[in-house]
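What follows is one structure encoded as structure tokens, with my remarks underneath.
The values are calculated or read from the model by the stated rules, or taken from the named source; none is laboratory data. Small disclaimer: the values here were computed from a predicted structure and weren't measured. Note: ideal-geometry Cβ built from the backbone for every residue, glycine included; neighbour counts use all protein chains shown. The protein model used for the area step is the full one, side chains on, heavy atoms only, and it has no ligands, DNA or RNA in it. Shrake-Rupley method; radii C 1.70, N 1.55, O 1.52, S 1.80 Å.
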Amino acid sequence: MSKPTVALAADHAGFELKNLLRDELKAQGYAVLDLGTNGPDSVDYPDFGRKLAQTVADGQAQMGVVVCGTGIGISIAANRVPGCRAALCHDATSARLCREHNDANVLALGARLIGVETARDCLKAFLETPFAGGRHARRVEKLGQPA
Ligand code: RB5
């Protein structure tokens with residue numbers, strides 16, 4: 001199975017973790033799209049969450065990773081874009097289940113809340129776990145319906 005293209009985006013609180021994960025993904029043979037930010041200057045997480053979600057929703061990347069201080073703000077922003085299913089995860093079990101049950105296409109991480117090893121575990125589980133389908137497909141379909 002070919003590896004998905006993975007887009008990554010972060011704010012100033014998340015760019016170091018984003019860059020570390022980006023470099024590791026590249027080393028593992030993933031195609032990556034780095035949407036910034038790439039330095040410590042203060043930026044607004046909604047700009048980066050939206051851009052990342054649009055990149056995934058448009059099909060330019062199959063999977064996305066967003067990082068801010070908590071992962072909360074940037075995941076809220078990403079989830080406002082139709083077609084984006086962002087899951088904020090703090091452990092590998094959540095990252096596995098958001099793929100199996102929710103067909104999440106964006107992983108959100110809080111760089112100020114979790115360590116590098118946990119972030120690595122989350123990303124590995126997220127990228128390597130397939131959607132289970134079945135009863136979950138109907139529910140995921142409903143997630144795409146207008147409120
Ligand atoms: C930035 O200080 C911080 O508010 C942001 O990274 C994030 O945690 C928001 O949800």
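Looking at Ala87, Ala125, Ala137, which is the one that is within 16 Å of the ligand (Cβ to nearest atom), of a type in the set (A, V, I, L, M, F, W, C) and on the phi < 0 side of the Ramachandran plot?
Values: Ala125 fails: within 16 Å of the ligand (Cβ to nearest atom); Ala137 fails: within 16 Å of the ligand (Cβ to nearest atom).
From the options Ala87, Ala125, Ala137, the qualifying one is Ala87.
Of the residues Lys26, Lys51, which single one is free of Cβ contacts under 8 Å to residues at least 12 places away in the same chain and either touching a Pro at 6+ places or on another chain (Cβ under 9 Å) or open to solvent by 50 Å² or more (accessible area, probe 1.4 Å) (or both)?
Values: Lys51 fails: free of Cβ contacts under 8 Å to residues at least 12 places away in the same chain.
Exactly one of Lys26, Lys51 is free of Cβ contacts under 8 Å to residues at least 12 places away in the same chain and either touching a Pro at 6+ places or on another chain (Cβ under 9 Å) or open to solvent by 50 Å² or more (accessible area, probe 1.4 Å) (or both), namely Lys26.
So Arg80 fits all but one of (1) modelled with pLDDT of 95 or more; (2) more than 16 Å from the ligand (Cβ to nearest atom); (3) open to solvent by 10 Å² or more (accessible area, probe 1.4 Å); what number is the exception?
For Arg80, the failing item is (2).
Give the residue that is surrounded by the fewest Cβ atoms within 10 Å (Cβ to Cβ), with candidates limited to residues of the range 54-77 that are in a loop (DSSP other than H, G, I, E, B) and within 14 Å of the ligand (Cβ to nearest atom). Quick ask: steps written out before the conclusion?
Taking the range 54-77 as the starting set, the residues that turn out to be in a loop (DSSP other than H, G, I, E, B) are 58-62, 69-71.
Narrowing the set further to residues that are within 14 Å of the ligand (Cβ to nearest atom) leaves 69-71.
Working: Gly69: 17, Thr70: 20, Gly71: 26.
Across the range 54-77, the extreme among qualifying residues is Gly69.
Evaluate the following for Val32: is it at pLDDT 95 or above, more than 9 Å from the ligand (Cβ to nearest atom) and within 20 Å of Pro4 (Cα to Cα)? Quick ask: steps written out before the conclusion?
Values: at pLDDT 95 or above: yes; more than 9 Å from the ligand (Cβ to nearest atom): yes; within 20 Å of Pro4 (Cα to Cα): yes.
Yes, satisfied.
If I filter the range 36-48 for residues that are open to solvent by less than 20 Å² (accessible area, probe 1.4 Å), of a type in the set (Phe, Trp, Tyr) and in contact (Cβ under 8 Å) with a residue 24 or more places away in the chain, do I get at least one hit?
No - not one qualifying residue is present in the range 36-48.
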